[in-house]
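The values are calculated or read from the model by the stated rules, or taken from the named source; none is laboratory data. Note that the structure is predicted; figures quoted are calculated from it, not measured. Glycine also receives a Cβ, built like all others from the backbone with ideal geometry; neighbour counts cover every protein chain displayed.
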Amino acid sequence: MGRSPGYRPKAAVRDEVLALRALLAECDSSQWQRAQRIMDHITSLLGKPTGPMNGKVEPRCCKVCGYFGHTKQWCPVLKQREERAMDRLLDEDRELRAKIEAAEAERAARPPSPPYNPYTDGQAATFNELRIPFTVQPDIGAIYGVRGEKHDGLWTYDSAGRVVTNSRAS
Ligand SMILES: [Zn+2]
């Protein structure tokens, strides 16, 4: 390993450092010894002053992917992960929007429900089904019919109090 690069042209040193950096980037955390050797070489080429570690600059591996030569900030694995997460979010967004649009289209295509008819719907329908005569009061709707009055449903009372078909109702 060249420990004194002083005589070498700068461009050659730079190329060598770049090549070493590429090698460093191929090391994962299990290859820390190799990473350290490469780092030592880079340090010596750059002629860095002695630091607190007796001249050693400790290579750090990325906390995300475990490879040397870059930090989390520049991690290609993390970047890819984030892009995938973003894609998933966008997909979910698109799906949700499609569902809403489909539901709205379905609602628009459905024929409007007919207005409520107090003479045939709700309570009146139940009375008709159970053969119970009833009258329709404007504010209340269908209520039990009383013998002797005119009824609005399918049934009425005859003079003997028996439930018979109401001729008034069609
Ligand atoms: Zn990384």
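Which one of A124, A105 is more than 16 Å from the ligand (Cβ to nearest atom), loosely packed, with under 14 Cβ neighbours inside 10 Å and small (G, A, S)?
Numbers: A124 fails: loosely packed, with under 14 Cβ neighbours inside 10 Å.
That would be A105, the only listed residue that is more than 16 Å from the ligand (Cβ to nearest atom), loosely packed, with under 14 Cβ neighbours inside 10 Å and small (G, A, S).
Listed here are the residues, each with its yes/no results for (1) outside any loop (DSSP other than H, G, I, E, B); (2) touching a residue at least 24 places away in the same chain (Cβ under 8 Å); (3) of a type in the set (F, W, Y).
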| site | (1), (2), (3) |
| --- | --- |
| A124 | yes, yes, no |
| F127 | yes, yes, yes |
| E149 | no, no, no |
| T156 | yes, no, no |
| G161 | no, no, no |
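Over 30 Å from K10 (Cβ atoms), assigned to a helix (DSSP H, G or I) and within 16 Å of the ligand (Cβ to nearest atom): does that describe E92?
no
Of these, I38, I100, which one is touching a helix residue (DSSP H, G or I) at 6+ places or on another chain (Cβ under 6 Å) and in a helix (DSSP H, G or I)?
I38
Residue under question is R147, and the condition is that it be at pLDDT below 95 and surrounded by 12 or more Cβ atoms within 10 Å (Cβ to Cβ); does it hold?
Judged against the criteria, R147 is a match.
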